[in-house]
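Here's the structure we're looking at; comments come further down.
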Amino acid sequence: AQAGSLAWELSQTRQSIAVSLSASVQAELTEVGLTNVLFNAAITRSISQDGLLGPDGQRYAYSTNGIDEIEFRVQTNVGEEMKALAKIASGGETSRMMLALNSVLQTHSPVPTLIFDEIDTGIGARAGTVLGLKLWALARSGQVLCVTHLPQIAAFGDKHFRIAKSQLDSRTFATAQTLSQG
């Protein structure tokens, strides 16, 4: 009974935080050039006969994380339904969504290094400057590695590397060369 009560209390707190997290990330998505993308932190529960008893009389499946199943869902095209972020977003969309999410969570994030690949896919110079500023802000509290082709984003970096791929004896190799500060 106590576990059910505590799990329900945790779930209620998560529900309220999910609403504000979703709204904050949604606002950030617009800033990073994903104007038609919708974001939702969805929290669901599954009924289970041997689960924890909730105050509503239902029994809910549980794990060491409580009774909630949490999934980030997005709608990347107008008219489509919300789907799991991990299943439908492209590389560039995922990078920008993670930038938006990390911008919101910046002060609470225990992650010391963030890596963004293809973050500049499908955006122009103006949006690149906005992304660069956001990446720079994230880098104030941790290490940020970013693969970009836009000088507007690269201009905010402290160190720059040229990454190249080559083939030798039917194998592919990647090399990183530090670029000079000139």
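Applying the criterion of being more than 21 Å from Gly122 (Cβ to Cβ) and acidic (Asp, Glu) to the residues of the stretch 68-89, the residue that is least open to solvent (accessible area, probe 1.4 Å) is Asp68. The strands (runs of 3 or more DSSP E) falling completely within the stretch 67-171 that include 3 or more residues that are closer than 28 Å to Ala18 by Cα map to 69-75, 113-117, 143-147. In this structure, does Leu38 turn out to be farther than 15 Å from Gln12 by Cα, surrounded by 15 or more Cβ atoms within 10 Å (Cβ to Cβ) and of a type in the set (A, V, I, L, M, F, W, C)? For Leu38, the condition - farther than 15 Å from Gln12 by Cα, surrounded by 15 or more Cβ atoms within 10 Å (Cβ to Cβ) and of a type in the set (A, V, I, L, M, F, W, C) - is met. What are the pairs with Cβ atoms under 8 angstrom where one residue, in the stretch 107-133, is at pLDDT 80 or above and the other, located anywhere, is acidic (Asp, Glu) and surrounded by 19 or more Cβ atoms within 10 Å (Cβ to Cβ)? Sequence gap at least six, or different chains. Listed pairs, sorted by first residue: Gly128/Asp120; Leu131/Asp120.
Among (1) of a type in the set (A, V, I, L, M, F, W, C); (2) open to solvent by 60 Å² or more (accessible area, probe 1.4 Å); (3) under 20 Å from Gly92 (Cβ atoms); (4) modelled with pLDDT of 90 or more, where does Ile153 come up short? Tallying (1) of a type in the set (A, V, I, L, M, F, W, C); (2) open to solvent by 60 Å² or more (accessible area, probe 1.4 Å); (3) under 20 Å from Gly92 (Cβ atoms); (4) modelled with pLDDT of 90 or more, Ile153 fails exactly one: (2). Residue-level analysis places Gly92 outside the set of residues that are more than 12 Å from the chain's Cα centre (by Cα) and either over 30 Å from Gly4 (Cα atoms) or modelled with pLDDT under 80 (or both).
Table: residues versus (1) out of contact with any Asp or Glu (no Cβ under 9 Å at 6 or more places or on another chain); (2) open to solvent by 30 Å² or more (accessible area, probe 1.4 Å); (3) assigned to a strand (DSSP E or B).
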| residue | (1), (2), (3) |
| --- | --- |
| Gly4 | yes, no, no |
| Ser11 | no, no, no |
| Ser48 | yes, no, yes |
| Gly51 | yes, no, yes |
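Restricting attention to the stretch 53-67 and to residues that are of a type in the set (A, V, I, L, M, F, W, C) and surrounded by fewer than 17 Cβ atoms within 10 Å (Cβ to Cβ), the residue that is modelled with the highest pLDDT turns out to be Ala61. Screening Ala41 on (1) more than 22 Å from Arg126 (Cβ to Cβ); (2) in a helix (DSSP H, G or I) shows it passes everything except condition (2).
The values are calculated or read from the model by the stated rules, or taken from the named source; none is laboratory data. None of these values were measured; they are calculated from a predicted model. Because the Cβ atoms are built from the backbone with ideal geometry, glycine has one as well, and the counts that use them run over all protein chains shown. Protein only, heavy atoms only, side chains kept; ligands, DNA and RNA dropped before computing areas. Shrake-Rupley method; radii C 1.70, N 1.55, O 1.52, S 1.80 Å.
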